[in-house]
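Below: one structure, written as C-alpha cells.
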Amino acid sequence: MRLLRFDETVFQANCYLLFPDEGSEALVIDPGAGAAEWVEQTCAQFGYRPGAVVLTHGHADHVWDASRVAGSNPVYLGASDWYRLNDPASMTAMPGMSGEQVERTCAEFSGHGWEKPANAQYLPDDVFTDAGAQVLEGLSIRALPAPGHTEGSTVFLVDGTLSDDDALLPDDIHPGNGSARRQMMFSGDVLFRLSVGRTDLHGGDGAQMAATIKLLSVALDSDTVVFPGHGSSTTIGFEREHSPFVRMAYEAGRIG
C-alpha cells in the first residue's frame, strides 16, 4: 500500500492518495481547492486512476476539487454534512473571513468555482460496521462518526502496511517498525498533532468534540497512525500522553 499527501491547497489542507496493493484504482481523501492537478498527475505516474473520493466533512477547503477529481465516480460524505455540498463556501465562513471571501479564495486557488459532484453519495451503512466496506477494489475502509467540528464529521480507518522510510510516518514510530501492518486513521479536522479542530464555526459543538476525542482516545490502539486534515501525522498514543486537548476533553467535558 502506498500513501501520498499533498498540502499545496487552499488553507494548506491535506489531500491524501491511497493506492491499494491490488487493482488499478486509488482512493482520494479530501481533495481541496488546488488538489485536482496533483491527483491527476500522481495517479498517472503510478499507473492508477481515481476510483472514489471520501470526504471527512463538508468544509470548502476539503471538498472543493471533489467534482474535478471524481468525474462520474462516487464521492462519499457523511449524511449530516450532506447539505454543505450545496454551498460549501458559506458553510466555511469564519471570524474575519466571510463565505464570499472563502468562495473567492477557493476559486482563485483552484481556477474554478464550486461544482457539486455529479455522483455524490451518503457513506454506505456497511462502512460503519466492524467489517467495513470496499469503496473500491482491493481496499476496505471503516468509518466512525466524529461530530464536533461539523455535525457530519467522519474519521476513516484503514488497515495496511507502509514502508519504513515513508515520510508520512510520525516521529514516534520507531525505525524498523514502520513496515508493520497497522491501523491508519484519516481524521480530517477532528484531531491534529497536539490540537483539535475548531468548534466555533457553523455546526461546531464543543461538548460533541470532547465526546469524540474521548471516544477516539479510548477506542483506538495507541499505535494507530493519525493522518489529519492539516499538518503532520501523529499517533493516538502520542496524543493521549501529550495533547492538552485530550486532557481538556476528559477534565472539562467540552472543547472550545
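The values are calculated or read from the model by the stated rules, or taken from the named source; none is laboratory data. None of these values were measured; they are calculated from a predicted model. When we count neighbours, we look across all protein chains shown, and the Cβ atoms used for this are built from the backbone with ideal geometry, even at glycine. With ligands, DNA and RNA removed, areas are computed over all heavy atoms of the protein, side chains included. Shrake-Rupley method; radii C 1.70, N 1.55, O 1.52, S 1.80 Å.
Can you tell me how many residues in segment 36-90 are open to solvent by less than 10 Å² (accessible area, probe 1.4 Å) and basic (Lys, Arg)?
1
Residue by residue, here is whether (1) under 26 Å from ARG254 (Cβ atoms); (2) in contact with a helix residue (DSSP H, G or I) (Cβ under 8 Å, 6 or more places away or on another chain) holds:
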residue: ASP81; (1), (2): yes, no
residue: THR92; (1), (2): yes, yes
residue: SER98; (1), (2): no, no
residue: GLY113; (1), (2): no, yes
residue: PHE128; (1), (2): yes, no
residue: GLU137; (1), (2): no, no
residue: ARG142; (1), (2): no, yes
residue: GLY152; (1), (2): yes, yes
residue: VAL158; (1), (2): no, no
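Mind listing whichever residues of segment 81-109 are within 19 Å of the chain's Cα centre (by Cα) and of a type in the set (S, T, N, Q)?
THR92
Is it true that some residue in segment 105-114 is part of a loop (DSSP other than H, G, I, E, B), surrounded by 14 or more Cβ atoms within 10 Å (Cβ to Cβ) and in contact (Cβ under 8 Å) with a residue 12 or more places away in the chain? Spell out the reasoning first.
If we filter segment 105-114 for residues that are part of a loop (DSSP other than H, G, I, E, B), which is where we start, we get 111-114.
Among the residues that remain, those that are also surrounded by 14 or more Cβ atoms within 10 Å (Cβ to Cβ) are: 112, 114.
Within this subset, residues satisfying the condition of being in contact (Cβ under 8 Å) with a residue 12 or more places away in the chain are 112, 114.
Yes, segment 105-114 contains a residue that is part of a loop (DSSP other than H, G, I, E, B), surrounded by 14 or more Cβ atoms within 10 Å (Cβ to Cβ) and in contact (Cβ under 8 Å) with a residue 12 or more places away in the chain.
Within segment 1-26, which residues are closer than 25 Å to ARG104 by Cα and among the aliphatic types (A, V, I, L, M)? Walk me through how you get there before you give the answer.
Quick first cut of segment 1-26, residues closer than 25 Å to ARG104 by Cα only: 5-16.
Result: VAL10, ALA13.
Give me the residue from segment 1-35 that is over 11 Å from ASP61 (Cα atoms), touching a helix residue (DSSP H, G or I) at 6+ places or on another chain (Cβ under 9 Å) and aromatic (Phe, Trp, Tyr) and, out of that set, surrounded by the fewest Cβ atoms within 10 Å (Cβ to Cβ).
My answer is PHE6.
Name the residue that is nearest to LEU162 (Cα to Cα), counting only residues in segment 205-218 that are of a type in the set (A, V, I, L, M, F, W, C) and modelled with pLDDT of 95 or more. I'd like the intermediate steps shown before the answer.
Here is the first cut: in segment 205-218, the ones of a type in the set (A, V, I, L, M, F, W, C) are 207, 209-211, 213, 215-216, 218.
Filter once more, so that each one left must be modelled with pLDDT of 95 or more: 207, 209-211, 213, 215-216.
Details: ALA207: 35, MET209: 29, ALA210: 30, ALA211: 30, ILE213: 25, LEU215: 26, LEU216: 22 Å.
In this case the residue turns out to be LEU216.
Looking at (1) of a type in the set (S, T, N, Q); (2) assigned to a helix (DSSP H, G or I); (3) surrounded by fewer than 14 Cβ atoms within 10 Å (Cβ to Cβ), which one does SER222 not meet, given that it meets all the others?
Status for SER222: all satisfied but (2).
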